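Remarks on the structure that follows.
The values are calculated or read from the model by the stated rules, or taken from the named source; none is laboratory data. If you're wondering where the values come from, they're calculated on a predicted model, not measured in any experiment. Backbone-built Cβ (ideal geometry, glycine too); neighbour counts: all protein chains shown.
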Amino acid sequence: MFFKDLPIQKKLMSVILMTSGAVLILTCTAFFIYELHTFRQSTVQELSILGEIIAANSTAALAFDSPEEAREILSALIAHDHIVEAILYDVGGNPFSAYPQNLSLESLQVIPKSEGYNFTDSHLEGSQPVVQGTRRLGTLFLKSDLKAMDERLRLYGIIVILVVSLSSLLAYLLSKILQKSISKPILSLAETAKAISDRQDYSVRATEGGKDEVGYLNDAFNHMLEQIQEQNRALSAFNKNLEQKVKERTIELENANKEQKVTQREVYEKNKELAQALEELQSTEEQLIKMNNELERRVNERTKDLLASEEELKVKNTELKRTNIDLDNFIYTASHDLKSPISNIEGLTTMLNRLLDQRLEPNEKKLMDMIGLSIIKFKKTIADLAEITKAQKNLNQKMDPISFQEVIEEVLLDLSENFNATKPTIIQDLQSRTVMGSMKNIRSIIYNLVTNAVKYRSPERPLQLEIKTYQEAEYVVLVVKDNGLGINKKYHSKLFHMFKRLHTHVEGTGIGLYIIKRTIENYGGKIEFESEENEGSEFKVYFYQGIA
Amino acid sequence: MFQILSVLMLTCSVTSVSAQTPPVTETQVKAIFLFNFTQFVEWPAHAFSTTDTPFVIGILGKNPFGTYLDEIVSGEKKNGRPMVVHRFSNAEEVKDCHILFVNLAKTDVPEAILEPLKGKSLLIVSDSENLIHHGGMIRFMNVNRKIRFQINPNAAKAADLTISSKLLNLAEIVTVEKKK
């Protein structure tokens, strides 16, 4: 467990050191044992050869009974300082001569029984026959100490310790250097990973590492980081986009509110003026004062209601910043709840207008008319808002095969009075004759597109309208192309936004394209367009037809 | 080195020999030495007429050993040849002999005795100082009541005999001016 928790550098070094240490110790031990064994063997052999030489040289001395000669021969052993004792026995087993010379022959009555050399505790000793030709002349006994062997073994011990310690030191130094080639990239990778998890900075990259597994790991790690970064980017882009959308929606709603406020203020001011006018007329029209008061009270009430609605709208706006679904709810609520008050205002104003009809000054009458127009505008806006909610709710409508030809003709007929004096050139190329959908939606889409083409035609050239249909993959595509005013590039991204109006010289609410987009997307389709300012626009509507 | 090796090889074929009773008298020591000389001297092949010719130790003159020499030699072999003891009464009789102990009587003339032995590969041993100066190879001496010997290596070389250096080490070397 302890080893497991060690840092990888130490782990590598421990592995190398333990392995090399074990190998070294085993090798040295094996050599030591081998040396011990061979040295013992060679010691025995050396002593045996020495014995042979001494024995061979001693034959004549024994044969001709010359202890002096034997002593001389044995004294040559002084050159072999490991020989501590040498005794020459005659053939009868009696001591004949001995080395060193101070050894008394009388004390050496026992002739060794066995021949050959053996190790005792502290010595190597043994005897061998002295033979001339085939004739045995005596026995030679030799005794050698083991100092040489002890010294040799001590030397070997020292060498082994030196080799092991030096090799371990070398192994330590080498492993310290060499382990880096493995540990460094891993450590670097770990550092990188730590840096990333500490700082959440995914732009950091692992750089160390060759083409080995660590390098592969680095690559995989970097690849992963790239993916994370990519996803982060996409997320933040998505978030920004979302924020942007919410902002835009908010601005749009605020604009709508402003418009409403302006309208209301106008109404309020007109009412005030009226009240003043009424006051002026009070003396002659007692009843009118009453009605006027009544009207004033009602208008105030409605204004309050509207202000309340406004408050509600503001609350809803903040909610809308979080979700688009609330927008639909709001639209629905707004369109539904505003319908009856505005109808009331309209009715009351009409009534008031009728009552005051003959008595109004021309400028007062103009003001009255302006009130009426404002109300009509207001109603149209509410109706459009209702359209949006309808577009939302039309999802479950029955799908029928709808003939393009019929719808186009119907729309053109409807719009014929808008064409004015100059009739547009209309080119039709209907490769797909029918499309699956609801009559209402298809009509609405074509109506809107054609209306737009008519509304935003160029004053400099007669309108040319191209209507095409064809099949493309799982879509039936409707193309409506005109040579009108076109759309400035900078507005392209906002084209399908609600209440977005790019041309203000023509009346409109800026909701048509928004509804088309909502409708077509609800059915799994899409809408695309291309446009050049002052050249014209081309809208492509993709009706999703399911998998053909 | 070669010597060591040959010694080593010899030791390999050694069979143990029973201990003999230690010599008592001077003559017995000489008899043992006579036998022991066979171990340290090599004879040329032409000294033997056939491959199974025995190795002969001869005694010329009065036999001082009685049967002691026969006892020593009995059963022994030299290079596979059985050893025998022959007694010769005069030099002319000596043939097929390899060691000859010459017991010189005071009346004997060394040159006369050695003359018929010339040209033979024969190791001539005696107690006489005269003989070694006239072609004898080994002479026994009594030094401090111990039997020692002189060797004339030139005479041995002339007789085509090879004497081991070990034997020469023990001996007193005698060199004789050659008479022309």
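Filtering the stretch B:17-34 to residues that are under 11 Å from the mean Cα position of the chain (by Cα) and either modelled with pLDDT under 90 or within 9 Å of chain A (Cβ to nearest Cβ) (or both) leaves B:Ile32, B:Phe33. Among the residues here, A:Gln101 qualifies as at negative phi and either touching a residue at least 24 places away in the same chain (Cβ under 8 Å) or more than 13 Å from chain B (Cβ to nearest Cβ) (or both).
Check the stretch A:58-71 and report whether any residue there is polar (S, T, N, Q) and away from chain B (no Cβ under 14 Å). Within the stretch A:58-71 (the criterion being polar (S, T, N, Q) and away from chain B (no Cβ under 14 Å)), the answer is no, since none of the residues qualifies. Collect the residues in the stretch B:157-176 that are buried (at least 17 other Cβ atoms within 10 Å of the Cβ) and either within 12 Å of another protein chain (Cβ to nearest Cβ) or out of contact with any Ser or Thr (no Cβ under 8 Å at 6 or more places or on another chain) (or both), keeping them in residue-number order. B:Ile163, B:Ser164, B:Lys166, B:Leu167, B:Leu170, B:Ala171, B:Val174, listed by residue number.
Residues that are more than 19 Å from B:Ala45 (Cβ to Cβ) and exposed (fewer than 15 other Cβ atoms within 10 Å of the Cβ) within the stretch B:88-115 comprise B:Ser89, B:Asn90, B:Glu92, B:Glu93, B:Ala105, B:Lys106, B:Thr107, B:Val109, B:Glu111, B:Ala112, B:Glu115, listed in sequence order.
Looking for whichever is within 35 Å of the chain's Cα centre (by Cα) and under 20 Å from A:Lys11 (Cα atoms) here; the options are A:Glu191, A:Glu226. Which one fits? Exactly one of A:Glu191, A:Glu226 is within 35 Å of the chain's Cα centre (by Cα) and under 20 Å from A:Lys11 (Cα atoms), namely A:Glu191.
Do we have A:Ser48 as in the same structural domain as A:Ala148 (by TED's automatic domain parsing), surrounded by 15 or more Cβ atoms within 10 Å (Cβ to Cβ), of a type in the set (S, T, N, Q) and over 22 Å from B:Phe37 (Cα atoms) here? Criteria met by A:Ser48.
Please specify each residue of the stretch B:137-156 satisfying the condition of being touching a helix residue (DSSP H, G or I) at 6+ places or on another chain (Cβ under 9 Å), within 11 Å of another protein chain (Cβ to nearest Cβ) and free of Cβ contacts under 8 Å to residues at least 24 places away in the same chain. Within the stretch B:137-156, just B:Lys146 meets the criteria. Counting the residues of the stretch A:136-183 that are within 21 Å of A:Ser14 (Cα to Cα) and either in contact with a Phe, Trp or Tyr (Cβ under 8 Å, 6 or more places away or on another chain) or part of a helix (DSSP H, G or I) (or both) gives 22. Quick one: is A:Glu474 modelled with pLDDT of 85 or more and farther than 21 Å from A:Ile408 by Cβ? So A:Glu474 fits the description; yes. Scanning the stretch A:516-526 for any residue that is modelled with pLDDT under 80 and at positive phi turns up nothing.
For the stretch B:26-38, how many residues meet the condition of being of a type outside the set (A, V, I, L, M, F, W, C) and either without any contact (Cβ under 8 Å) to a residue 60 or more places away in the chain or not in a helix (DSSP H, G or I) (or both)? Matching residues across the stretch B:26-38 total 3.
Restricting attention to the stretch A:191-213, the residues that are in contact with a Pro (Cβ under 9 Å, 6 or more places away or on another chain) and at pLDDT 80 or above total 1. Just one residue in the set A:Arg265, A:Arg322 is modelled with pLDDT of 70 or more and of a type in the set (D, E, K, R); that residue is A:Arg265.
For the residues A:Asp328, A:Asp357, A:Asp337, the requirement of being under 30 Å from A:Glu248 (Cα atoms), more than 44 Å from the chain's Cα centre (by Cα) and modelled with pLDDT under 80 singles out A:Asp337. Annotation: of all residues in the stretch A:401-422 being surrounded by fewer than 13 Cβ atoms within 10 Å (Cβ to Cβ) and at pLDDT below 80, the one that is farthest from the chain's Cα centre (by Cα) is A:Ala421.
Residues that are in contact with a His (Cβ under 7 Å, 6 or more places away or on another chain) and at pLDDT 85 or above occur in the stretch A:146-153; there is at least one. When the residues of the stretch A:119-163 are filtered to those that are of a type in the set (D, E, K, R) and within 13 Å of chain B (Cβ to nearest Cβ), which remaining residue is surrounded by the most Cβ atoms within 10 Å (Cβ to Cβ)? Restricting to residues being of a type in the set (D, E, K, R) and within 13 Å of chain B (Cβ to nearest Cβ), the top hit is A:Arg135. Quick one: in the stretch A:480-489, which of the residues that are at negative phi and not in a helix (DSSP H, G or I) is surrounded by the fewest Cβ atoms within 10 Å (Cβ to Cβ)? Looking at the filtered set, the residue picked out is A:Asn488. The residues on offer are A:His80, A:His37, and the sole one that is under 30 Å from B:Asn36 (Cβ atoms) and away from chain B (no Cβ under 14 Å) is A:His80.
Residues checked against (1) among the β-branched types (Val, Ile, Thr); (2) modelled with pLDDT under 85; (3) under 42 Å from the mean Cα position of the chain (by Cα):
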{"position": "A:Arg457", "(1), (2), (3)": "no, yes, no"}
{"position": "A:Lys481", "(1), (2), (3)": "no, no, no"}
{"position": "A:Asn488", "(1), (2), (3)": "no, yes, yes"}
{"position": "A:His503", "(1), (2), (3)": "no, yes, no"}
